[in-house]
Every structure is written in structure tokens, then in C-alpha cells.
Amino acid sequence: PYIGIYYFSINTKNKKLSDIRVRQAINLSIDREIITEKTLKSGEVPAYSMVPHGIKNYRPAELSFKNMSKVARIEKAKELLKQAGYNKNNPLNIEISSNIGEQQKKVLISVANMLKEVGIQSNIIYIDTQSHYENMEKGKYEIGRVGWIADYDDPLSFLYLGESVVITNFTKFSNKEYDNLL
């Protein structure tokens, strides 16, 4: 297996996205099977963990909603958005950014349609790779598509991306307990 992952980084310092319910709703609305099986169609495995399958002697913990039906995920996402103050009269509008590429375009269009199902409006922005990652490092984005390939065959090669002091922690997530466990 190729030890890499594509994921969406959500800027937790952005006012609209700082509410965990909003981030959970976004996560629930993205149908990973549709992306891998119908959008990309090139053998990718749906990602339900930050650490992909394929790391020797490691079984990644997976998102609790992995086995929920699509209908149940969408309803839960709508409820979470409602709790966070978003609805048809006050929709959540977000920007999704990515570097330029045909694969990226297909995925972002698919994700934008999935978000629309739960009432989230999105604007897709494509920019060159260097500018995209510079913006993410500076926190000048809302949601950004990221690709990561392991430097070595160990879960830490992925888990450290959430460490408070790491420059590639684009989400700006910070948790002392997480940092200590690493």
C-alpha cells in the first residue's frame, strides 16, 4: 500500500469553523466511498483515520460514524449545523481551497455537492501549490485540501501533524494532552 493520505484541513481559528459542531457536520457530510469509488476510481481507500491502513503492526482508530448510513450522517450533520445556528435562512458559507489539478477539481466539486446536501454553501478556490500551502501555513484559508505522504513507516509520521508546534499543523489545533502523548 501507498502510505499517504489526502484530507481536508479545517482552520479551527476561523470564527465560522471554530465551533466543533460545524466541523463535525462537515466531516459527517463527506462521503468517502463516493469520492474513492465514483469520483477518483483509481484504487484509493476511503480515509476514516488520519493514519492510513498500511503502516506495519498498526491498526488505526477510525471515526465513530464510519458505519452510519448516509441518511443518518446527513441528518446528524443538519442537526449539528442547526445547533450551531445555521439553517436555510442563515446558511453556512465557506471557502474550500486547493492547489490546481484535475484530480483536485473532481474531488472538490464532489465535496461541494455533498456539503450542499446538508445546507452548506461553498466557494472553491484553486491556486498554485506554493501559494496554497503558504496560505495554509499562515492560516489564510477556511478549508484546504492537503496531501501527505509518510516519511517513514510509523503512525507518528501522520499523528505529529496535529502537534501544536508543527508548521504543517494547518488546522492550528492545539491540545497539551495530545502533545504530551506524542
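The values are calculated or read from the model by the stated rules, or taken from the named source; none is laboratory data. For clarity, every value in this text was computed on a predicted model and none was experimentally measured. With ideal geometry, Cβ positions are generated from the backbone for all residues, glycine too; neighbour counts draw on all protein chains shown. Ligands, DNA and RNA are stripped out before the accessible areas are found, and what is left, the full protein with its side chains, is counted by its heavy atoms. Shrake-Rupley method; radii C 1.70, N 1.55, O 1.52, S 1.80 Å.
Based on protein heavy atoms only, the chain ends up with 58 Å² per residue of surface accessible to a 1.4 Å probe. Translational diffusion coefficient of region 121-182 (Stokes-Einstein, Kirkwood radius from Cα pairs, 25 °C, 0.890 mPa s): 188 µm²/s.
Once R0 is set to 41 Å, what does the formula 1/(1 + (r/R0)^6) return for the Cβ-Cβ distance between N87 and N57, expressed as a FRET efficiency to the nearest 0.05? Before the final figure, lay out each step's value.
Numbers: r = 47 Å, r/R0 = 1.14.
FRET efficiency, N87 to N57: 0.30.
Rounded to the nearest Hz, the phi-derived 3J(HN,Hα) couplings of region 51-58 under the Karplus curve 6.51 cos²θ - 1.76 cosθ + 1.60 (θ = phi - 60°) are 9, x, 5, x, 6, 4, 6, 9, where x marks glycine and proline. The share of accessible area on region 40-182 that comes from carbon and sulfur is 51 percent, using a 1.4 angstrom probe.
List, in the order given, every pair from K15/K82; K16/K38; K15/K172; K16/K70 whose Cα-Cα distance in the structure shown is over 23 Å.
Numbers: K15/K82 16 Å; K16/K38 30 Å; K15/K172 13 Å; K16/K70 25 Å.
With Cα atoms farther than 23 Å apart: K16/K38; K16/K70.
What number in nm² do you get for region 79-163 if you take the convex hull of its Cα atoms and divide its surface by four? Present the calculation step by step, with values, prior to reporting the outcome.
On the way: hull surface 29.1 nm².
Hull-based average projected area comes out at 7.3 nm².
What percentage of all Cα-Cα pairs in region 62-107 are separated by more than 16 Å?
On the way: 630 of 1035 pairs.
Tail fraction, whole percent: 61.
Give me the orientation-averaged projected area of the Cα convex hull of region 28-73, in nm², one decimal. Can you show the working numbers first?
Working: hull surface 14.6 nm².
Its average projected convex-hull area is 3.6 nm².
Here the Karplus curve 6.51 cos²θ - 1.76 cosθ + 1.60, taken at θ = phi - 60°, turns the phi angles of region 88-104 into couplings of 4, 7, 9, x, 7, 10, 10, 10, 10, 10, 7, 6, 7, x, 4, 4, 4 Hz, with x standing for Gly and Pro.
Global dimensions of region 1-59 from alpha-carbon coordinates: Rg and Dmax equal 13.7, 39 Å.
Of the two radii for the chain, the radius of gyration is 0.94 times the Kirkwood radius, both from the alpha carbons; that is the Rg over Rh value.
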